[in-house]
Amino acid sequence: MTGQFMPLPPDHVPPELMVDFDLFAIPEGVTDPAEIWHGLVRREVPHIFYTPRNGGHWVFLNYDDIVAAYRNSDVFSSHQASMPPMEEWPVLQPVGVDPPDNMAFRRLLAPMFTPKAVREMTDELRRRSSALIEGFAGKGRCDFIADYAEKFPTSAFLYLFGLPEERLDEFLALANVFFRSNDPAAKGEVIGKIFAELEVFFHEKEKNPGNDIASAILAGRDANGDPFAWKDMLNCGFLLFVAGLDTVTNTMAYVWRYLATTPAARRHFRERLDDPDAFLRAIEELMRINAVSNIVRRIKQDCEYKGVQLRRNDRVALPNTLANRDPRVFADPQAIDLDREVNVHVTFGVGPHRCVGSHLAKREIMVSLQEWLRRIPDFELDPHDPASGVFGGSVMGFEKLNLVW
Ligand code: HEM
């Protein structure tokens, strides 16, 4: 609840389906941003409701409806589905394109992120992870966000794109403004800078192709055997930047925050450092319980869904954190069971846009946890200044997470 004046519902929304909910607003004192979503379920609001905030949009609360929206792109489109609605948002390839046109870029990207391809990245990811951890392990404390969780995925991005490691600080600065700034002018400027960097870099790779993602995108061909449009290639590069940094940073923040307060979970992972199957199964459960992304779709045409009138261009928010704790799908859904066998969570989405980088994300988290626990087997939240600055929105998370050991 925002406590502000609530506008009247649009005429296709019955008043009983109106709920005042702002997915960006985290009330004072809330230490876990996902709580704003779980609070809706506790309040027993309608499982499909409309909020007038952020341009006005629907929210689906149940697993089945969230999965139906992911799967049915004829009704729930990804194209120009920003929230609040924005003009001239670049069409990111392939996530902003509905089937079947999404397939050209999806086919190009998917082979680069298969479990096998990602396994082959392990040594380099491990080297980068351990170098970062060595930098502060002896100090007995760190701000996990600034010292690790932001740096590591950005470093992985440089590696994938064949960019020099020395450019880490530069890209971190760009990512920080892009992900954290609320100032549209500053954000617009940084988007321009990221595209300019990609442009220079893609031109360099045109002349000197290597074994990296940018070179693979340049070598890609569409269904007619032609190179992709330059604009689409840049938009794909931009998507990889947007999709693979903040999501991993904040998932890690949730995971380390949980481990810092749960000695039995630290032990569980420490005892399985050399058992990749058990280790990954436990990570899968942490992915379920810590779903940081809230995805948005746009209604393509006026239609009815489960008796609710949806109007063309209405937005629909799909909170993965709620789908993943739906008691109709998961036994004891609020409990973290690191041995949970069946785990049909939707943290990475489902259907035509399911996350291409899911194996990479899990590998980044696995390698980080292994390298961390080997050097810092026990740690806790800094009792004097544990965490501050939580945020909501399309990716939820923490600005700061102070750990001590
Ligand atoms: C824990 C980390 C991550 C989470 C929670 C996450 C979540 C998601 C979700 C929910 C989607 C579906 C979006 C939609 O349906 O509109 C998605 C798509 C995507 N993700 Fe991730 N992601 C993560 C990490 C990564 C990484 C590391 C990469 C880097 C390669 C990546 C690349 C992509 C791409 C390219 C898409 C679009 C796929 C398509 O449209 O076909 N993600 N991600």
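The values are calculated or read from the model by the stated rules, or taken from the named source; none is laboratory data. Owing to the predicted nature of the structure, the values given are computational and were not obtained by experimental measurement. Reconstructed Cβ throughout: ideal geometry from the backbone, glycine too, with neighbour counts over all protein chains shown.
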Quick one: which residue in Asn250, Asn224 is farther than 22 Å from Thr31 by Cα and polar (S, T, N, Q)? Asn224
Any residue that is more than 16 Å from the ligand (Cβ to nearest atom), out of contact with any Pro (no Cβ under 8 Å at 6 or more places or on another chain) and of a type in the set (Gly, Ala, Ser) - is there at least one of those in the stretch 207-216? yes
Output the qualifying pairs, or none if there are none: Cβ atoms under 6 angstrom, residues six or more apart or on different chains, first residue in the stretch 171-195 and farther than 12 Å from Glu150 by Cβ, second residue of a type in the set (D, E, K, R) and crowded, with 17+ Cβ neighbours inside 10 Å. none
Lone unmet requirement of (1) crowded, with 22+ Cβ neighbours inside 10 Å; (2) over 16 Å from the mean Cα position of the chain (by Cα); (3) closer than 30 Å to Val13 by Cα for Ser368: (3)
Does Leu234 satisfy the criteria of being of a type in the set (A, V, I, L, M, F, W, C), away from the ligand (no atom under 16 Å from the Cβ) and not in a loop (DSSP other than H, G, I, E, B)? no
Give the residue, chosen from Val91, Val45, that is surrounded by fewer than 19 Cβ atoms within 10 Å (Cβ to Cβ), within 17 Å of Asp22 (Cβ to Cβ) and either out of contact with any Phe, Trp or Tyr (no Cβ under 9 Å at 6 or more places or on another chain) or in contact (Cβ under 8 Å) with a residue 12 or more places away in the chain (or both). Val45
What about Ala117, is it within 18 Å of the chain's Cα centre (by Cα) and either surrounded by fewer than 19 Cβ atoms within 10 Å (Cβ to Cβ) or free of Cβ contacts under 8 Å to residues at least 40 places away in the same chain (or both)? no
Can you run down the residue pairs with Cβ atoms below 7 Å, 6 or more apart or on separate chains, where the first is in the stretch 338-362 and touching a residue at least 24 places away in the same chain (Cβ under 8 Å) and near the ligand (Cβ under 6 Å from one of its atoms) and the partner is acidic (Asp, Glu) and not in a loop (DSSP other than H, G, I, E, B)? none
Options Val329, Val395: the member that is within 11 Å of the ligand (Cβ to nearest atom) and farther than 17 Å from Phe279 by Cα: Val395
Looking at (1) surrounded by 19 or more Cβ atoms within 10 Å (Cβ to Cβ); (2) in contact (Cβ under 8 Å) with a residue 60 or more places away in the chain, which is the only condition Ala214 fails? (2)
I need a count of the residues in the stretch 1-54 that are of a type in the set (Phe, Trp, Tyr) and assigned to a loop (DSSP other than H, G, I, E, B). 3
Which condition breaks for Asp98 when tested against (1) within 16 Å of the ligand (Cβ to nearest atom); (2) over 17 Å from Arg298 (Cα atoms); (3) of a type in the set (Asp, Glu)? (2)
When you scan the stretch 117-129, do you find a residue that is within 30 Å of Ala25 (Cα to Cα) and among the basic types (Lys, Arg), even just one? no
Of the candidates Arg267, Arg272, the one satisfying the condition of being basic (Lys, Arg) and surrounded by fewer than 17 Cβ atoms within 10 Å (Cβ to Cβ) is Arg267
Complete set of residues in the stretch 154-168 that are more than 14 Å from the ligand (Cβ to nearest atom) and either β-branched (Val, Ile, Thr) or not in a helix (DSSP H, G or I) (or both): Gly162, Leu163, Pro164
Take Asp74 and decide whether it is more than 16 Å from the ligand (Cβ to nearest atom), among the acidic types (Asp, Glu) and closer than 23 Å to Gly349 by Cα. no
Determine if the stretch 97-111 includes at least one residue that is touching a strand residue (DSSP E or B) at 6+ places or on another chain (Cβ under 6 Å) and over 25 Å from Asn290 (Cα atoms). yes
Could you pull out the residue among Tyr258, Tyr254 that is surrounded by 22 or more Cβ atoms within 10 Å (Cβ to Cβ), modelled with pLDDT of 95 or more and more than 9 Å from the ligand (Cβ to nearest atom)? Tyr254
